[in-house]
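Below is one structure, written out as structure tokens; the observations come after it.
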Amino acid sequence: MATVYHSACPLNCWDSCGFLVTVEDGKVTKVEGNPDHPITQGKICGRGRMLENRANSEDRLLYPLKKIDGKFERISWEQALDEIAGKLAYYKESFGTTSVLHSHDYANGGLLTNLDSRFFNLYGGVTELTGSICWGSGIEAQNWDFGDAYSHAPEDLKNSKHVVIWGRNVARTNMHLFQNLQATKKNGTKIYVIDPIYNATAKLAHEYISIKPGFDGLLAAGIMKELLRMDLQDGNFLAGHTLGFEDLEALLDTVSLDYISEVTEVPADLITHLAEVYADKPVSTIMGLGMQRYENGGSTIRLLDALVAVSGNIGIPGGGANYANKQVGQSFDYQNMTMPEQKKTSRTFTMMRQAEGILSAVDPVIKMGIVTCGNPLTQVPDTKRVREAFESLETLVVIDQFMTDTAELADYVLPAATAFEVEDVYYSSMYHHYVNHGPKLVEPPGEAKPDAWIWGELANRLGFGDEFGFTREEFLGMGLASLTEKGITLDKIRVEKFAELPVDKIPWADRRFKTPSGKYEFTATAVADGRIKLSLPTETKWTNPELADKYPYSLLTIHPLRSNHSQHFHLFQPEPYVKVEIASSVAVEKGLKDQDYVRVWNDRGELKGTVSILKMAHPGTVNIDEGLSARFGGSVNQLTSSRESDNGLGSTLYDCLVNIEKVEKE
Ligand SMILES: Nc1nc2c(c(=O)[nH]1)N[C@H]1C(S)=C(S)[C@@H](COP(=O)(O)OP(=O)(O)OC[C@H]3O[C@@H](n4cnc5c(=O)[nH]c(N)nc54)[C@H](O)[C@@H]3O)O[C@H]1N2
Ligand SMILES: Nc1nc2c(c(=O)[nH]1)N[C@H]1C(S)=C(S)[C@@H](COP(=O)(O)OP(=O)(O)OC[C@H]3O[C@@H](n4cnc5c(=O)[nH]c(N)nc54)[C@H](O)[C@@H]3O)O[C@H]1N2
Ligand code: SF4
Ligand SMILES: [Mo]
């Protein structure tokens with residue numbers, strides 16, 4: 001008999017959708033949207049629907065595996081846990097706990113995925129990853145400017161006169177914002193898209209502004225120059241609530257509008273026009289994450305923030321420098337769950353440079369890696385180096401639902417349960433402010449187990465099992481402790497399926513910022529030299545002409561339409577392949593046409609794939625979607641750099657020059 005239950009999408013995504021899931025004979029048979037969800041309103045994307053295929057896939061990992069003489073063999077949980085716990089005890093004793101690296105990302109938005117940190121803290125503190133490949137530079141930038149990274153509630157968009165979508169691929173990555181934009185457009189709001197690629201969101205826009213990748217900060221500087229020249233700045237906001245405006249003015253005086261127009265490849269009159277738009281308040285600026293994956297990513301977001309501030313679009317209905325919504329995650333009590341006070345020692349590598357960290361660590365060297373909720377072999381930049389690093393480990397344990405490129409390298413692979421097989425609550429600190437409930441709907445297949453069960457079993461063997469002697473319900477209670485005080489209990493979320501979190505819908509409306517000065521800081525006081533910089537990406541003809549001679553094209557590696565990173569490609573029919581999207585200027589220069597087979601390369605690596613000419617893309621731009629595993633042609637991260645961004649916490653994935661040539665198909 002088929003029964004329909006409510007649930008929630010666990011995927012790392014802006015939208016955090018509410019689901020209705022059909023269960024028949026102990027199996028999930030259909031995933032649909034929950035029409036009652038206030039934000040996602042019954043609409044979900046193919047990635048959400050395909051979670052049914054993922055859960056039931058024949059490729060699911062069903063048993064613990066151990067690599068013996070280069071081949072995986074099935075072993076019992078007892079053996080796997082005893083041996084892994086034995087190694088953890090041995091490395092702790094012989095080299096210290098930081099000889100173990102915990103490599104992870106955020107592939108599952110469930111609150112209880114954080115229990116991995118509880119385990120590693122109780123173990124004594126391992127080598128952990130800091131920063132974020134995804135959004136680190138922008139988060140740090142907004143921390144400096146505002147004191148935190150907050151967005152307006154989705155429903156506030158209706159108050160905007162103009163909406164500037166700046167480097168967010170909304171139609172593809174944030175479908176409910178796209179619907180919101182469609183509705184807003186009907187009410188007369190003007191929509192602008194600034195992006196090197198004329199994407200599906202650009203089609204909806206009144207105006208599309210094509211820009212050279214990585215130069216958005218300079219464009220924002222140009223718009224500010226024009227605002228000031230025309231005396232259109234918000235003098236009251238600047239005088240009453242900001243710090244360091246004179247430093248910004250001095251910086252803007254160092255560049256001319258003509259120079260800005262030349263390097264950004266945006267016409268000067270268009271820059272003037274955008275200044276007029278920004279002065280016609282309220283303007284909502286909706287930033288994407290792609291735009292800050294450059295060497296100058298932190299500066300880029302700071303300059304965009306500054307533009308929003310100078311034009312007086314902060315803290316007003318319909319305004320905002322909307323980048324991330326960290327107040328969502330801040331509603332939960334991580335400390336209760338993760339017990340950071342138990343950590344006796346620690347060491348950190350940045351997420352971007354985890355491979356270099358592994359290869360160069362001394363005192364202690366990294367002996368063991370444990371990978372959870374991540375697939376670094378496809379997702380972390382500079383694949384060659386990542387492979388070398390993970391291969392160099394004495395012991396590698398990967399906990400996953402599928403045999404990924406990373407799991408292939410492991411000594412032990414442990415089969416994890418999927419979201420429909422455990423109870424959790426799900427949220428995303430990216431867009432809206434609702435938390436969704438996901439009940440346990442079916443049993444995990446084979447011997448797959450929830451991650452939390454694995455931590456508990458290892459903890460039992462290592463002598464701190466008591467700290468894992470709680471039910472999922474009890475752990476959820478710990479994470480929801482302060483919400484419970486505000487009336488949002490697990491029981492309530494269970495019954496109502498979702499709950500609205502108590503967050504500011506119009507952040508900074510009281511003009512009290514979380515910076516050290518309490519003001520909006522054009523010059524950040526939280527760091528030694530907090531002045532904004534007008535910096536450029538590293539891999540451009542302006543900053544590295546020799547490299548640009550050899551590798552003339554800018555490679556973007558944006559998020560795929562139908563897969564969440566590496567998670568869905570293996571379910572595609574027909575099989576996916578490497579698609580090399582090129583601007584028409586590249587096609588002309590290289591004599592390429594659609595379906596040509598090409599090699600794309602730079603000093604870090606190469607990738608072969610099939611050409612598709614983009615109808616409209618900024619001259620010199622190439623794109624290869626991220627997320628493909630080796631068996632489908634390989635990850636584009638073979639070409640990307642593991643350099644950190646300017647503020648140290650972000651990646652430079654899109655700051656990448658390549659060359660391209662036609663080759664014969666093998
Ligand atoms: N379908 C799908 N949706 C997803 C995901 C997925 O894998 N698949 N992943 C989720 C996750 S984890 C994240 S972080 C988000 C990311 O969401 P987005 O920020 O929307 O995604 P990106 O693919 O990083 O890039 C967004 C846009 O930035 C543009 N861009 C690149 N460089 C520049 C630049 O220098 N300037 C400007 N102005 N634009 C630039 C690209 O052309 C692209 O249109 O998406 C989430 N949603
Ligand atoms: N070139 C390039 N690289 C990129 C990006 C880009 O734009 N360009 N985007 C970056 C961004 S924004 C992000 S967020 C990262 C994402 O990087 P990752 O999070 O590493 O990528 P995913 O493919 O989403 O998921 C990783 C693995 O987690 C597993 N998993 C899912 N749920 C669970 C669970 O509950 N438990 C366990 N143990 N495992 C689980 C999945 O099966 C999958 O194999 O990639 C980054 N890499
Ligand atoms: S991947 Fe994003 S848009 Fe798709 S169902 Fe999940 S939360 Fe919704
Ligand atoms: Mo991300």
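Which of the residues spanning the stretch 113-148 are in a loop (DSSP other than H, G, I, E, B) and more than 15 Å from ligand 2 (Cβ to nearest atom)? Hits for the stretch 113-148 are 124, 125, 126, 146, 147, 148.
I'd like to check which helices (runs of 4 or more DSSP H) are fully inside the stretch 209-314 and have at least 2 residues that are within 19 Å of residue 194 (Cα to Cα) and within 13 Å of ligand 1 (Cβ to nearest atom). Before the answer, list the steps.
On the way: elements: 216-229, 235-241, 245-252, 257-264, 268-279, 297-310.
The qualifying helices (runs of 4 or more DSSP H) are 216-229, 257-264, 297-310.
Return yes or no: is residue 366 in a loop (DSSP other than H, G, I, E, B) and either more than 30 Å from residue 303 (Cβ to Cβ) or within 16 Å of ligand 1 (Cβ to nearest atom) (or both)? Taking the combined requirement at face value, the residue satisfies it.
With respect to being away from ligand 4 (no atom under 16 Å from the Cβ), open to solvent by less than 20 Å² (accessible area, probe 1.4 Å) and in contact with a Leu (Cβ under 6 Å, 6 or more places away or on another chain), residue 31 fits the description.
Matching residues to (1) of a type outside the set (A, V, I, L, M); (2) over 29 Å from residue 209 (Cα atoms):
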{"residue": "594", "(1), (2)": "yes, no"}
{"residue": "600", "(1), (2)": "no, no"}
{"residue": "614", "(1), (2)": "no, no"}
{"residue": "629", "(1), (2)": "yes, yes"}
{"residue": "633", "(1), (2)": "yes, yes"}
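Restricting 105, 148 to residues that are outside the structural domain of residue 291 (by TED's automatic domain parsing) and within 26 Å of residue 301 (Cβ to Cβ) narrows the list to 105. Scanning the stretch 430-483 for residues that are touching a residue at least 24 places away in the same chain (Cβ under 8 Å), polar (S, T, N, Q) and closer than 23 Å to residue 418 by Cβ returns a single hit, 436.
For the stretch 369-405, which positions are assigned to a strand (DSSP E or B) and near ligand 2 (Cβ under 9 Å from one of its atoms)?
371, 372, 398, 399, 400
Could you list, in sequence order, the residues of the stretch 443-477 that are of a type in the set (A, V, I, L, M, F, W, C) and either in the same structural domain as residue 414 (by TED's automatic domain parsing) or within 20 Å of residue 125 (Cβ to Cβ) (or both)? Give the derivation first.
Here is the first cut: in the stretch 443-477, the residues of a type in the set (A, V, I, L, M, F, W, C) are 448, 452-455, 458-459, 462, 464, 468, 470, 475-476.
448, 452, 453, 454, 455, 458, 459, 462, 464, 468 - these are the residues of the stretch 443-477 that are of a type in the set (A, V, I, L, M, F, W, C) and either in the same structural domain as residue 414 (by TED's automatic domain parsing) or within 20 Å of residue 125 (Cβ to Cβ) (or both).
Listed by first and then second residue, the pairs linking a residue in the stretch 168-191 that is within 18 Å of residue 291 (Cα to Cα) and not assigned by TED's automatic domain parsing to the domain that holds residue 16 to a residue that is within 8 Å of ligand 1 (Cβ to nearest atom) and assigned to a loop (DSSP other than H, G, I, E, B), with Cβ atoms under 6 Å apart and 6 or more places separating them unless they lie on different chains, are 168/288; 169/199; 172/561; 173/559; 174/14.
Of the residues 122, 177, which single one is within 16 Å of ligand 3 (Cβ to nearest atom) and surrounded by 20 or more Cβ atoms within 10 Å (Cβ to Cβ)? Show your work before the answer.
Values: 122 fails: within 16 Å of ligand 3 (Cβ to nearest atom).
Only one candidate qualifies: 177.
Which residue, of 362, 397, is surrounded by fewer than 19 Cβ atoms within 10 Å (Cβ to Cβ), over 25 Å from residue 625 (Cβ atoms) and not aromatic (Phe, Trp, Tyr)? I'd like the intermediate steps shown before the answer.
Values: 397 fails: surrounded by fewer than 19 Cβ atoms within 10 Å (Cβ to Cβ).
Sole residue among the options that is surrounded by fewer than 19 Cβ atoms within 10 Å (Cβ to Cβ), over 25 Å from residue 625 (Cβ atoms) and not aromatic (Phe, Trp, Tyr): 362.
Here's a check for you: in the stretch 6-26, which residue that is in a strand (DSSP E or B) and within 16 Å of ligand 3 (Cβ to nearest atom) is nearest to residue 170 (Cα to Cα)? The extreme case among them is 18. Mind checking whether some residue in the stretch 380-397 is within 27 Å of residue 101 (Cβ to Cβ) and within 16 Å of ligand 4 (Cβ to nearest atom)? Yes - at least one qualifying residue is present in the stretch 380-397. Just one residue in the set 592, 571, 607 is assigned by TED's automatic domain parsing to the domain that holds residue 636, of a type outside the set (Phe, Trp, Tyr) and open to solvent by 30 Å² or more (accessible area, probe 1.4 Å); that residue is 571. Between 327, 335, the distinction of being away from ligand 1 (no atom under 16 Å from the Cβ), part of a helix (DSSP H, G or I) and within 25 Å of the chain's Cα centre (by Cα) belongs to 335 only. Within the stretch 536-545, the presence of a residue that is surrounded by 14 or more Cβ atoms within 10 Å (Cβ to Cβ), of a type in the set (A, V, I, L, M) and free of Cβ contacts under 8 Å to residues at least 60 places away in the same chain is excluded.
Here's the yes/no breakdown for (1) in contact with a Lys or Arg (Cβ under 7 Å, 6 or more places away or on another chain); (2) more than 16 Å from ligand 2 (Cβ to nearest atom); (3) closer than 14 Å to residue 167 by Cβ:
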{"position": "267", "(1), (2), (3)": "no, yes, no"}
{"position": "279", "(1), (2), (3)": "no, yes, no"}
{"position": "289", "(1), (2), (3)": "no, no, yes"}
{"position": "296", "(1), (2), (3)": "no, yes, yes"}
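Between 615, 579, which is in contact with a Ser or Thr (Cβ under 9 Å, 6 or more places away or on another chain), over 19 Å from residue 381 (Cβ atoms), at pLDDT below 95 and assigned by TED's automatic domain parsing to the domain that holds residue 654? Spell out how you get there, then give the answer.
Working: 579 fails: at pLDDT below 95.
Matching residue, one of 615, 579: 615.
For the stretch 427-437, the set of residues classified as open to solvent by less than 10 Å² (accessible area, probe 1.4 Å) and either touching a His at 6+ places or on another chain (Cβ under 8 Å) or part of a helix (DSSP H, G or I) (or both) consists of 432, 436, 437, listed by residue number. All of (1) surrounded by 15 or more Cβ atoms within 10 Å (Cβ to Cβ); (2) away from ligand 3 (no atom under 12 Å from the Cβ); (3) part of a loop (DSSP other than H, G, I, E, B) hold for residue 66 with one exception: (3).
Give me a count of the residues in the stretch 467-520 that are among the β-branched types (Val, Ile, Thr) and not in a helix (DSSP H, G or I).
Kept after step one, since they are among the β-branched types (Val, Ile, Thr), are these residues of the stretch 467-520: 471, 484, 488-489, 493, 495, 503, 506, 515.
Narrowing the set further to residues that are not in a helix (DSSP H, G or I) leaves 471, 488-489, 503, 506, 515.
Here the count works out to 6.
Take the stretch 184-203 and flag every residue that is in a helix (DSSP H, G or I), open to solvent by 20 Å² or more (accessible area, probe 1.4 Å) and touching a Lys or Arg at 6+ places or on another chain (Cβ under 8 Å). Working first, answer last.
The initial filter retains those residues of the stretch 184-203 that are in a helix (DSSP H, G or I), namely 184-186, 200-203.
Subset that is open to solvent by 20 Å² or more (accessible area, probe 1.4 Å): 185-186, 200, 203.
200, the sole residue that qualifies.
The values are calculated or read from the model by the stated rules, or taken from the named source; none is laboratory data. These numbers come from a predicted model, not from an experiment. Glycine also receives a Cβ, built like all others from the backbone with ideal geometry; neighbour counts cover every protein chain displayed. Surface areas here come from the heavy atoms of the whole protein model, side chains and all, with no ligands, DNA or RNA. Shrake-Rupley method; radii C 1.70, N 1.55, O 1.52, S 1.80 Å.
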